[in-house]
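The values are calculated or read from the model by the stated rules, or taken from the named source; none is laboratory data. Bear in mind the structure is a predicted one, so any value in this text is a computation, not a measurement. All Cβ positions, glycine included, derive from the backbone under ideal geometry; neighbour counts span all protein chains shown.
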Amino acid sequence: MSLVEQFLAELAHQRQASPHTILAYRRDLNLLSRLAESTPIVGLQSHQLRRFAAQCHARGLSARSLARTLSGWRAWYRWLVRRGEIPLNPCEELHAPKQARPLPKALSVDQAQALLEFKQPPSKTTCCDRAMFELFYSSGLRLSELANLDCDGAVDLVGGEVTVMGKRQKRRTVPVGRKAVVAIEAWLEVRQAALDEQALFVGQKGKRLSPRTIERHLERWTLRCGLGIHVHPHMLRHSFASHVLQSSQDLRAVQEMLGHTSLGSTQIYTHLDFQHLAKVYDLAHPRAKKK
């Protein structure tokens, strides 16, 4: 097995990296191999890597994509250092151009209400869709987390909680709101109990809904609702985080509910509510009130 394959295997089995992460690292190293041509990538030096990064940027690779690529290269050389294959990481001091960090797109409270309270013709599909979308917004789940839910007690409707397996196989339990509980109860009444499929959310053929199918269902729902914007599952997660933070101002609690390892990942939601906070300040601060 080549060193590259050993590196990817360790990511998959020891670090529990997702298939998407493994694929991304493989793409990063394949790109590095193409740039290096006949030179083995194990022995590349800092000046060569710097030249390759400049070539990628000149060819139109965005700062964000280049940062992601350099992260893959850096992890690869860090792994080689740990194994004693090379003495130093030649990529450690190599950085991508600075990039503006885009704010996550979130629905307003009114838009979220309009989306979730939109009346659809009653059917098994719309009942399932409503339960999924309410749960997305109620608990801030990732798309993969919702798609992987089973009917094995992961959702505690009495206690109002859902337990999911997040990134790197980290389990967390988050609250489920009353309206989401009602929607899930309605879905379970029409879901065929005799199905062999253990998935909580299934399609017309009784099979687990794939993440892409769930995305299409939300796209169709949004189109019928007439919001006039594209809504994807992660936008409901962003909306959950923004609205809970707006009401509670408890950044740590939102971090735990989202399953973020770093508080920095959660802090971006504080920027979404600046206008809201400015209005609160104008209304509440004694030195800001108009006489």
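Which helices (runs of 4 or more DSSP H) does region 1-76 wholly contain that include 3 or more residues that are hydroxyl-bearing (Ser, Thr, Tyr)?
Filter on region 1-76 gives 19-36.
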Out of THR163, THR213, report the one residue that is surrounded by fewer than 17 Cβ atoms within 10 Å (Cβ to Cβ) and over 26 Å from HIS243 (Cβ atoms). THR213
Scanning region 206-226 for residues that are polar (S, T, N, Q) and not in a loop (DSSP other than H, G, I, E, B), the one nearest to the chain's Cα centre (by Cα) turns out to be THR213
Six or more apart or on different chains, Cβ atoms under 6 Å: show the pairs whose first residue is in region 123-141 and touching a residue at least 24 places away in the same chain (Cβ under 8 Å) and over 14 Å from GLU215 (Cα atoms) and whose second is β-branched (Val, Ile, Thr) and in a loop (DSSP other than H, G, I, E, B). SER138/VAL176; SER139/VAL176
Which residue, of ALA106, ALA63, ALA147, is at pLDDT below 85, surrounded by 17 or more Cβ atoms within 10 Å (Cβ to Cβ) and closer than 27 Å to HIS20 by Cα? ALA106
